[in-house]
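Q: The structure that follows is given in the form of structure tokens.
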Amino acid sequence: METLWQDLRYGLRTFAKNPGFAAVIVLTLALGIGANTAMFSVVYGVLLHPLPIRDPSRVVVLHDQLPSVNLPRTAVSPPEFRDYSAHTNIFQSTALLVDKNLNLTGLRQPERVQAMRATASLFPLLGVRPILGRTFTPAEDSYGGQHAVLLSEALWKEMFGGARSAIGKRVQLDGESYEVIGVLPEKLGILYPHIQLWVPMAFSPQAFSEEHEGDLCCMMLARLRSGVTLEQARAVMAVDAAHMRESHPEQAAILTDFHIEVRPLMNEVVGDVRQPLYLLLGAVLLVLLIACANIANLLLARGSSRSREMAIRAAIGAGRRRIIAQLLTESLLLSFTGGALGLLLASWGVTLLVRFAPASLPHASAIRLDPFVLGFTFIVSMLAGIFFGLAPAMQASKIDLTGALKESGRSGGSSAGGQRLRRALVLSEVALTFILLVGSGLLLRSFAKLLDVNPGFDPTNVLTMRISPSKQADAAHVASFSTALLARVTAMPGVLHAALAGDPPFMNTGNSIFAVRDYHPDPHDPQPHADTVGATPDYFATLRIPLLRGRIFTKTEMLAQNIKEGSVVVIDEALARRFWPGKDAVGKQLGWEDKGPWATIVGVVGTVRNDNLTTESKGMIYFPAYYSGMTLVVRTKSDPRALAGAIREQVQSLDPSQAVYEVETMSERVAESVEQQRFAAALLALFAALALVLATLGLYSVTAYIVTRRTHEIGIRMAIGAQPKDVLQLILRGGAKLILAGMCIGVAGALALAQLMRSLLFGISAIDPLTFIAAVVLLALVALAACYIPARRAAKVDPLIALRYE
């Protein structure tokens with residue numbers, strides 16, 4: 001321990017004599033370690049942080065899988081929940097839940113809140129206890145039971161100021177009175193971040209009848225019994241799926257590839273962000289490796305100037321192991337200092353990452369610098385210190401006493417081994433930088449291709465807002481309210497068009513199975529399916545969806561609900577090509593049942609991408625209908641945000657209890673659909689830029705050092721007739737060899753990375769020639785520029801001064 005303290009004190013004195021050198025290393029490490037800590041905080045908070053429930057590894061989610069009708073993963077129906085729950089030898093308990101929007105009135109201005117209907121078994125299954133009051137009883141979860149509500153901790157504080165007297169108070173939800181029976185802890189928001197209150201599921205007996213077997217509306221959770229593995233549960237449900245296929249031959253077209261997925265709850269929560277986050281963490285680790293290689297080069301250069309010092313230590317009895325320990329202690333001192341400063345940078349970085357992260361990023365509230373992350377920083381700092389300090393320490397400990405004790409002090413770093421090590425470090429920097437440049441280039445190219453996609457409509461100057469009259473309103477009231485609202489909004493100054501639609505693009509368009517009249521597919525062909533939207537006639541003009549053939553339905557053809565005999569529909573070009581290739585679909589008929597009622601296709605419009613920009617439409621059916629939960633879509637002459645308040649007032653004037661929510665422009669909705677790709681591309685580009693800067697500095701420092709060590713040689717060359725351009729070419733040729741070798745090594749890594757990124761790319765190949773060529777050109781130009789500056793200085797060497805110096 002005494003030796004360690006001596007080494008630390010000596011290291012501090014050494015760096016105090018050369019503070020600039022120490023500051024460069026500490027700042028470089030702070031950037032690398034800080035970036036790694038911030039990125040790891042996101043990865044740990046999203047992917048590795050345990051869920052706030054009891055034994056989360058035992059909780060699974062069950063999904064129906066119907067790929068043949070474009071439902072690769074969907075919810076289950078109440079009858080299926082009953083049947084799946086019967087496997088009590090596999091499941092200890094099961095629960096069902098479904099999200100729902102409700103109008104909250106009575107205590108303040110009408111507000112649309114996000115609620116969750118849940119069975120009473122949910123909270124015991126999760127092991128979640130309320131912080132106040134209690135959860136649902138089986139009686140409250142039965143049909144016709146008492147109306148009870150559980151509040152989220154945030155809504156409880158907002159509505160009741162956190163008062164315990166909130167228990168027993170009553171609130172109005174969709175015009176019905178509910179009693180507040182409990183408050184759920186804030187940690188539940190990690191699982192369900194947008195849910196503000198919970199109400200009992202309370203299914204009616206009819207919900208479990210066979211006719212509702214296709215109502216895939218609910219999420220099913222289950223807790224596996226102790227000793228039951230995930231594979232065993234999957235095997236049992238696979239038998240159920242096979243029985244379902246065999247017992248319903250009349251639905252062979254739908255159930256041909258029906259399966260029941262048993263998925264860990266953590267996978268359900270994390271979704272599709274696992275691969276992008278691990279990719280970003282890997283990228284930032286590469287940046288740290290490049291920084292460490294740079295620092296190792298600096299320490300090698302410094303080792304040359306300290307060769308005499310090391311020789312004196314060796315001469316008075318210090319062994320090689322003792323010298324290595326001293327130098328490693330100095331490296332670790334620098335590393336931990338950089339790590340401490342990196343923690344400060346990481347705290348800012350985490351704030352920025354959370355602020356600019358996609359809204360869809362799960363577990364965002366769990367992202368913080370907790371003790372586990374601090375432990376990661378400590379380990380990274382220690383490993384970084386060993387990584388960049390060990391090789392220079394080993395090299396410096398190889399001491400030639402005779403040469404080192406001379407004043408020239410050229411042993412240490414100028415040895416053949418030292419030169420090879422320098423070049424190896426620069427090669428690794430160039431290779432790693434090339435890998436990051438290719439990765440970021442692929443994501444940027446992919447993102448650019450995504451932005452070039454035509455969504456099939458014009459999102460500029462379009463405002464959208466959700467409107468949901470009370471569930472007690474009948475169809476006539478909804479139609480009357482909708483007609484009056486559209487008339488008022490359309491008459492407003494600055495409004496060009498206004499319409500109502502069930503689910504406009506990028507707002508969870510529904511998927512439906514339908515039948516085509518006089519269409520007889522092969523029994524094993526997939527059942528016809530398409531996205532569906534109920535809309536008013538001006539919907540197409542509002543979004544500027546072009547009419548290709550036929551006409552749009554009229555106001556007189558508006559229906560209260562779905563297709564009826566004699567009604568009309570409009571379809572998109574994708575659906576027309578799918579079922580009537582080379583023919584005119586206008587006049588053809590379709591319906592929701594094999595025997596009708598049939599609706600006539602009166603028009604064909606352009607194809608719209610409804611889910612996101614990456615997914616092509618498999619077909620869309622538009623039918624004229626008013627719904628109680630629709631979206632108002634308004635096209636304005638200028639910025640639509642300016643009219644949002646006035647439009648809200650029109651809604652409130654027609655119905656003071658009406659809630660208006662999710663007010664966004666269509667341009668914002670389109671941007672939100674690509675925010676995950678934007679986030680990943682921007683971060684990876686930032687890491688690649690940082691790596692390029694570090695690699696350039698590393699190449700510059702090595703070239704400058706080589707020039708310094710070869711001053712005598714350059715002087716002799718110029719004395720016997722070499723021209724400045726010859727010297728310039730000599731130095732640049734050496735740098736170019738390093739660059740070329742580094743890029744050749746980097747190509748293999750870049751190809752491997754491209755294959756891992758294949759699922760993240762859109763519109764380009766994983767081996768995109770343009771991206772690879774651009775990375776080669778950019779890295780070559782920047783790296784050669786880094787070599788040119790010291791090479792130019794070498795070309796100006798005065799032979800007399802160089803020879804006199806030597």
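The values are calculated or read from the model by the stated rules, or taken from the named source; none is laboratory data. On a predicted model such as this, the values are computed, not experimentally measured, just so you know. Heads up, the Cβs are rebuilt from the backbone with ideal geometry, glycines too, and the neighbour counts pull from every protein chain shown. Calculation scope for accessible area: heavy atoms of the full protein, side chains included, ligands and nucleic acids excluded. Shrake-Rupley method; radii C 1.70, N 1.55, O 1.52, S 1.80 Å.
Q: With every protein chain left in place and a probe of 1.4 Å, what is the accessible surface of Glu246, to the nearest 10 Å²?
A: Taking all protein chains as shown, Glu246 has close to 140 Å².
Q: Which percent of Cα pairs goes in each bin when the distances of the stretch 154-262 are cut into 10 angstrom slices starting at zero?
A: Each 10 Å bin holds this share of Cα pairs: 10, 26, 26, 20, 15, 3.
Q: Given that just one value was derived from the coordinates, which of (i) 179; (ii) 205; (iii) 218 is volume of the Cα convex hull per residue in Å³?
A: Here volume of the Cα convex hull per residue in Å³ agrees with entry (iii).
Q: Restricting things to alpha carbons, find the Rg to Rh ratio for the stretch 751-799 using the Kirkwood radius for Rh.
A: The Rg/Rh ratio comes out at 1.34.
Q: Magnitude of the Cβ-charge dipole of the stretch 69-135, K/R +1 and D/E -1, about the Cα centre, nearest 20 debye?
A: Value, rounded to 20: 240 debye.
Q: May I ask for the net charge around Arg466, where only other residues with Cβ less than 10 Å from the Cβ of Arg466 are counted and Lys, Arg are +1 while Asp, Glu are -1?
A: -1
Q: Taking the Cβ of Ala120 as the center, what net charge do the other residues with Cβ under 10 Å away carry, scoring Lys and Arg +1 and Asp and Glu -1?
A: Here the charged neighbours net out to -2.
Q: Ordering Val782, Val61 from largest to smallest accessible area (1.4 angstrom probe), what's the sequence?
A: Val782, Val61
Q: Which one, Leu738, Ser226, Met558, projects farthest toward the positive side of the charge dipole computed for the chain from Cβ point charges (K/R +1, D/E -1)?
A: The Cα lying farthest towards the positive end belongs to Leu738.
Q: Moving on. What accessible area per residue, rounded to a whole number of Å², is obtained for the stretch 155-268 using a probe radius of 1.4 Å?
A: That works out to 48 Å² per residue.
Q: Here is a follow-up. Any idea of Met116's accessible area? Nearest 10 Å², probe 1.4 Å.
A: Approximately 10 Å² for this residue.
Q: How big, on average over all directions, is the shadow cast by the Cα convex hull of the stretch 228-282, in nm²?
A: 5.5 nm²
Q: Related question: What net charge is computed for the residues neighbouring Pro185, neighbours being all others with C-beta under 9 Å from the C-beta of Pro185, Lys and Arg scored +1, Asp and Glu -1?
A: The answer is 0.
Q: For the chain, with the dipole built from +1 on Lys and Arg beta-carbon atoms and -1 on Asp and Glu ones, taken about the Cα centre, which of Leu197, Leu760, Leu343 lies farthest toward the positive end?
A: Farthest towards the positive pole: Leu343.
Q: Kindly flag which residue pairs out of Lys588/Lys618; Lys100/Lys637; Lys555/Lys588; Lys449/Lys583 have an alpha-carbon separation exceeding 23 Å in this structure.
A: Lys100/Lys637; Lys449/Lys583
Q: Moving to a separate point now. How many percent of all Cα-Cα pairs in the stretch 327-393 sit more than 18 Å apart?
A: 48 percent
Q: Looking only at Cα atoms, what is the convex hull volume of the stretch 669-806 per residue, in Å³?
A: 116 Å³
Q: Accessible area per residue, 1.4 Å probe, Å², for the stretch 698-742: what's the number?
A: 48 Å²
Q: Order these peptides, 654-663, 532-541, by their mean beta-carbon neighbour count within 10 angstrom, highest first.
A: 532-541, 654-663
Q: A further question on this structure: Of Pro249, Tyr705, Leu383, which is farthest on the positive side of the dipole of the chain, counting Cα position, with +1 on Lys and Arg Cβ, -1 on Asp and Glu Cβ, and the Cα centre as origin?
A: Of the listed residues, the answer is Tyr705.
Q: Please give the solvent-accessible surface of Thr28 in Å², to the nearest 10, using a probe radius of 1.4 Å with every protein chain present.
A: 30 Å²
Q: So with the 1.4 Å probe, I'd like the accessible area per residue for the stretch 639-688, rounded to whole Å².
A: 42 Å²
Q: Direction-averaged shadow area of the convex hull around the Cα atoms of the stretch 655-740, nm²?
A: 10.1 nm²
Q: Related question: Per residue of the chain, what 222 nm ellipticity follows from adding -39500 (n - 2.57) for every DSSP H run with n ≥ 4, rounded to the nearest 500?
A: Taking each H run of at least 4 residues, the total per residue is -16000 deg cm²/dmol.
Q: Calculate what fraction, in whole %, of the accessible area of the chain sits on carbon and sulfur atoms when a 1.4 Å probe is rolled over the protein chains.
A: 59 percent
Q: Next question. On a 0 to 90° scale, report how tilted helix 2-17 is relative to the longest principal axis of the chain, with both axes built from alpha carbons and the result rounded to the nearest 10.
A: For helix 2-17, the angle is close to 90 degrees.
Q: Any idea what the dipole of the chain comes to, in debye rounded to 20, about its Cα centre with Lys/Arg Cβ at +1 and Asp/Glu Cβ at -1?
A: Charge dipole, the chain, about its Cα centre: 4640 debye, nearest 20.
Q: Suppose accessible area is computed on protein heavy atoms with a 1.4 Å probe; arrange Thr631, Thr711 from highest to lowest.
A: Thr711, Thr631
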